[in-house]
1. In whole Hz and in residue order, list the ³J(HN,Hα) couplings for the range 169-181 that follow from phi through the Karplus curve 6.51 cos²θ - 1.76 cosθ + 1.60, θ = phi - 60°; x for Gly and Pro.
2. Pop out the Kirkwood hydrodynamic radius of the range 131-281 from its pairwise C-alpha distances, inverse of mean 1/r, in Å to one decimal.
3. What net charge is computed for the residues neighbouring PRO291, neighbours being all others with C-beta under 12 Å from the C-beta of PRO291, Lys and Arg scored +1, Asp and Glu -1?
4. Quick check: at a probe of 1.4 Å, how many percent of the accessible area of the range 113-249 sits on carbon and sulfur atoms?
5. Which residues make up the longest stretch of the chain clear of GluC sites (Glu not before Pro) that lie in a DSSP loop with no more than 13 other Cβ atoms within 10 Å, not counting the sites?
6. With respect to the cross-link table entries LYS203/LYS270; LYS114/LYS330; LYS270/LYS327; LYS114/LYS203, which display a Cα-Cα separation exceeding 29 Å?
7. Sort largest first and round to whole Å: the equivalent ellipsoid semi-axes of the range 192-273, each the square root of five times a Cα gyration tensor eigenvalue.
8. Using only C-alpha positions, report the orientation-averaged shadow area of the convex hull of the range 1-145, nm², one decimal.
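The values are calculated or read from the model by the stated rules, or taken from the named source; none is laboratory data. All figures in this text were calculated on a predicted structure; none of them were measured in a lab. With ideal geometry, Cβ positions are generated from the backbone for all residues, glycine too; neighbour counts draw on all protein chains shown. Heads up: the accessible areas ignore ligands, DNA and RNA and are worked out on the full protein's heavy atoms, side chains in. Shrake-Rupley method; radii C 1.70, N 1.55, O 1.52, S 1.80 Å.
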Amino acid sequence: MSTRRHWRLDARPEGHDYEAALSLQEETLPELAEGQVRVAAQYLSMDAGVRVWMSAREDGYSPPIPLGATMQGQFIGRVEASRSDAFAEGDLVRGFGDWATHSTVDPALAGLTKLDADIDDVRQHFGVLGLNGMTALCGLTDVIGGLEEGQTVLVSAAAGATGGAACQIARNMGCKVYGIAGSPEKCEWLTGTLGLDGAIDYKRQNVAEEIAKIDGGIDVYFENVGGPILDAALPNMVLGGRIGICGLLSGYTSESGEAGPVRFDQILMKRLTVKGIFLPDYLAQGYDYYPQLRKWYDEGKLVGDIDETRGIENTLQAFRRMLTGDKSGKVIVAID
Ligand SMILES: NC(=O)c1ccc[n+]([C@@H]2O[C@H](COP(=O)([O-])OP(=O)(O)OC[C@H]3O[C@@H](n4cnc5c(N)ncnc54)[C@H](OP(=O)(O)O)[C@@H]3O)[C@@H](O)[C@H]2O)c1
């Protein structure tokens, strides 16, 4: 009988202490039901939003993962067995399944997608060509309502997987782009490799003072963080500016969610439009962002470092590094 290894959520984590809350288990693989597909994972994606599902919060965009259940997330892998007409053994696929060596999924529920294997690095199907790139493109175009050449865009968690994609997409659309990140090296990557107009190190600089120096103010703010950084951005928005709330990760370890913003008044004073970004809302409408992302990728206009950790047993360290910023680029785990 074949088995799989999987991460089980035993308790709600406190802060970033994932070792006390999750345990690596082994179990027998189930028989496939009609329509199901079993995927042998090659890579797992470490995504910030997953931290919310670990908590007991009922007010998130998906219900909490029950205690005792397997931790969920994105995988890239090969179909090992299929009872679906749409997928065959050997297909390279991405989907939502388990933090595990194998996931048995209903293709529709898992958003199972056959991947373009004609690429230099299939791992990019997680980052700039995957959920992160699609969220950035969807957020900056369909949710916020399009960017105009010459507009000024500010991005938080800018050196991260989603933020880095947002910076490059705004730059590719002819905008002036400023990023906020947590180290001199990350800021150097933003202005050097990505060619941004400026970068602010939120751990070493006064963010409010630095944003206030941006000539003409902020037309569009792509928000990944919330908290004090959102409060620093709000008074510097232009009249009629737009804010896309993609994430509020400074509050993801809290069981009660994110308070604020303190400068809520600026939404009225500046007549701002503030919209939440949730990629699945758009994919459900049949949007396909991949061709545009792939075009920029092939032209060298959309790049992303991959930060790979080997071995499913090291998943928790990788997840923590992703959330605390002790990493470079898109964090993934390679399954041996
Ligand atoms: N709505 C959607 O459909 C959707 C989809 C994908 C992602 N997202 C959102 O996108 C955001 C980024 O997620 P990701 O998976 O791409 O992760 P990521 O940006 O690759 O990693 C998270 C980064 O955030 C920064 N960070 C952590 N705590 C911070 C704080 N308190 N203040 C400022 N920066 C902080 C850290 O980098 P530093 O070194 O710069 O601190 C960390 O590396 C999250 O908010 C996530 O929820 C939303």
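1. 5, 5, 5, 4, 8, x, 8, 7, 10, 10, x, 10, 8
2. 15.0 Å
3. Result for the neighbourhood of PRO291: -1.
4. The computed percentage sits at 48.
5. Numbers: sites that count: GLU19, GLU31, GLU34, GLU58, GLU89, GLU148, GLU149, GLU255, GLU299.
With GluC sites (Glu not before Pro) excluded where exposed in loops, the chain gives 150-254 as its longest stretch.
6. Details: LYS203/LYS270 27 Å; LYS114/LYS330 21 Å; LYS270/LYS327 36 Å; LYS114/LYS203 40 Å.
Cα-Cα > 29 Å for LYS270/LYS327; LYS114/LYS203; rest within.
7. In descending order, the three semi-axes are 20, 18, 12 Å.
8. Working: hull surface 41.0 nm².
Mean projected area of the Cα convex hull: 10.2 nm².
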